[in-house]
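The values are calculated or read from the model by the stated rules, or taken from the named source; none is laboratory data. Fair warning: this is a prediction, and the values are worked out from it, not measured in the lab. Methodologically, a virtual Cβ is constructed for each residue, glycine included, from the backbone with ideal geometry; neighbour enumeration extends over all protein chains shown. Note: areas computed on protein heavy atoms with side chains; ligands, DNA, RNA excluded. Shrake-Rupley method; radii C 1.70, N 1.55, O 1.52, S 1.80 Å.
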Amino acid sequence: MAAEVLLDAGVVTRCRRRVHLDHDPTMRDAPLAPPDPAAEQRIADAREHRARVAEWLQAETHGSWAVIPAGLPAAERERLTRAALKEEVAYIWNGLLPVDVAGGRRGGVQLLVRASGGYVPVLVVRHRITDPGEGARTTVLPDVDPDRAGVDEKRKVRSHPRDQLRLAHARRLLEAAGYAEPGRSLGGVVGLDADVVVWHDLSAPTWPGGRSALQEYDDRFADRLAVARAAATRAEALAKPSRILECKRCPWWPVCEAELVRERDVSLVVRGEDAVELRNAGVSTVDKLAALDPGAESPIQWTGTTFVDAVALARAWLADLTVVRRVETVCVPRADVEVDIDMESFGDSGAYLWGCLLSGADIGIEPGYRAFVTWDPLPTDDEARSFARFWAWLSEVRARTEAAGLTFRAYCYNALAENRWLYASADRFAGMDGIPTRQQVRRFVESDEWVDLFRSVSDQFLCSRGKGLKVVAPVAGFSWRDPEASGEASMRWYRDAVGMDGGAPDPAQRERLLRYNEDDVRATYALRVWMSNEAMHAVPFMGEL
């Protein structure tokens, strides 16, 4: 008989191997990766967002409310929710639905709304749920009555499959308990702006292949339940490890990594579906991939890379080479005056630090590192002051360079992050002193003066162990002064630096963050200098492997 396993909604969007490890009794004492501070902060921000929405809705809606305290034991929360359901309370906040033992389900939802003859689940999330357009079915908050939903002429639904799958989970729990609204399968979502409820018909054929959200959920959940039950009973594992993007943030990565390295699994150099297809074709290890002839016919259709690059990556991994050249001659755009820029943010709360390293020709501004920072805990309007000072300094460097008849370039590593906060800062603080317009930011970002070294590395090198700056810069001879330097660690340092957890702000952690940021910009400097140096061509060319 299968062990009693109860799964929450998260499993349907979770790696199958993680589901296995979460339920494998032999893994209870396995070493786990430390919690991701960025993820912890997102969870805390979402909790605060939901609390604000709950307080507002209770004040603005008519009808009975039941609020289930989050701090109670699960059994007590379930008992209170069941009582509210039985009493037909109009709105139930933070309910924990009765477990569905036969179906293997457990979980709750932020809001249950009493509709005609039953309840409809509503999620409250901290991301945007619509885009400009038309076609979304909405009600304008505080109206949470699905019967009054209409087609919105100004909004279209932004794709968030996870939201619909979570609603489907709640719907199945309501059905099992006998409290689901009959006749239709609706679910609502309140987003970051908390201005409307977007209503989804979970039985409508809106998914690829004409499937509904409920059909997709049922298939995924049945698969994850089988994986978990096999793990719980110590039967043959239904999910083997394979490196995917999710691994980077997974607490089980140390366990999976050790097994993958021991097996020399092909996913160490080729990720995702390509790795799956290679295993199906009999190419299960890095060694087997490296032994293939890149000039022959590929064994699979590639989605994430090319056959030639995959073979070269495998050979580089076997030779313990972090990078190999994809091109005969490596080049990176250079200028008379150069600035390396690195931004530090804290989750979605804001960018608290813009670090810059000025080098090159003399333009009357002292070269070297400078930081534009706010130590007021984010979010804060003081962020506008530090961003305005950064932009004013950068604008002055550019203006003086142009006046001297010299060329200018600024560099970062992976412009997605910097660009996000350049635009976001211009939008959030628009009209405040020293804040550039969005158009001014765009002219800079889209100009040849803004160089993304990550793109240069991606175009000209194959990186067998990842393309992060902490991986690639050491090849150029650079090392960070702090042995714990990482984006994840900086999140922990920031909490202490501003006293976010109730203690006094820690000046030592502020200095640590400044040192870390300075090393990041010096790393990009060292990397592009190395890429411009003829000696760099001692790095093996992929055709020579």
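Can you work out which of the residues in the range 36-49 that are in contact (Cβ under 8 Å) with a residue 40 or more places away in the chain and open to solvent by less than 60 Å² (accessible area, probe 1.4 Å) is nearest to V140 (Cα to Cα)? Taking the candidates together, the pick is H49.
Within the range 284-338, the residues that satisfy the criterion of being among the β-branched types (V, I, T) and open to solvent by 60 Å² or more (accessible area, probe 1.4 Å) are T303, T306, V308, T329.
Those residues that are small (G, A, S), surrounded by 18 or more Cβ atoms within 10 Å (Cβ to Cβ) and not in a helix (DSSP H, G or I), I need them from the range 394-448; list them, please. Selection gives A410 alone.
Criterion applied to R14, R52 was being touching a helix residue (DSSP H, G or I) at 6+ places or on another chain (Cβ under 8 Å) and either under 30 Å from Y494 (Cα atoms) or open to solvent by 80 Å² or more (accessible area, probe 1.4 Å) (or both), and the one residue passing it is R14.
In the range 102-118, the residue that is least open to solvent (accessible area, probe 1.4 Å) out of those that are of a type in the set (D, E, K, R) and in contact (Cβ under 8 Å) with a residue 60 or more places away in the chain is R105.
Taking every residue in the range 459-487 that is over 22 Å from G304 (Cβ atoms) and pairing it with any residue that is crowded, with 17+ Cβ neighbours inside 10 Å and among the hydrophobic types (A, V, I, L, M, F, W, C), at least 6 positions away or on another chain, the pairs with Cβ-Cβ distances below 6 Å are A473/A523; A473/L527; V475/V323; A476/A526; A476/L527; A476/W530; F478/A523; F478/A526.
Yes/no per residue for (1) open to solvent by less than 20 Å² (accessible area, probe 1.4 Å); (2) outside any loop (DSSP other than H, G, I, E, B); (3) under 24 Å from R224 (Cβ atoms):
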{"position": "P98", "(1), (2), (3)": "yes, no, yes"}
{"position": "V120", "(1), (2), (3)": "yes, yes, no"}
{"position": "H127", "(1), (2), (3)": "no, no, yes"}
{"position": "D147", "(1), (2), (3)": "no, yes, no"}
{"position": "Q164", "(1), (2), (3)": "no, yes, yes"}
{"position": "L174", "(1), (2), (3)": "yes, yes, yes"}
{"position": "G188", "(1), (2), (3)": "yes, yes, no"}
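Listed by position, the helices (runs of 4 or more DSSP H) enclosed by the range 267-369 that each have at least 1 residues that are within 30 Å of V125 (Cα to Cα) are 272-280. Going by the conditions given, is R510 closer than 22 Å to Q41 by Cβ, open to solvent by 50 Å² or more (accessible area, probe 1.4 Å), under 23 Å from the mean Cα position of the chain (by Cα) and not β-branched (V, I, T)? So R510 does not fit the description; no.
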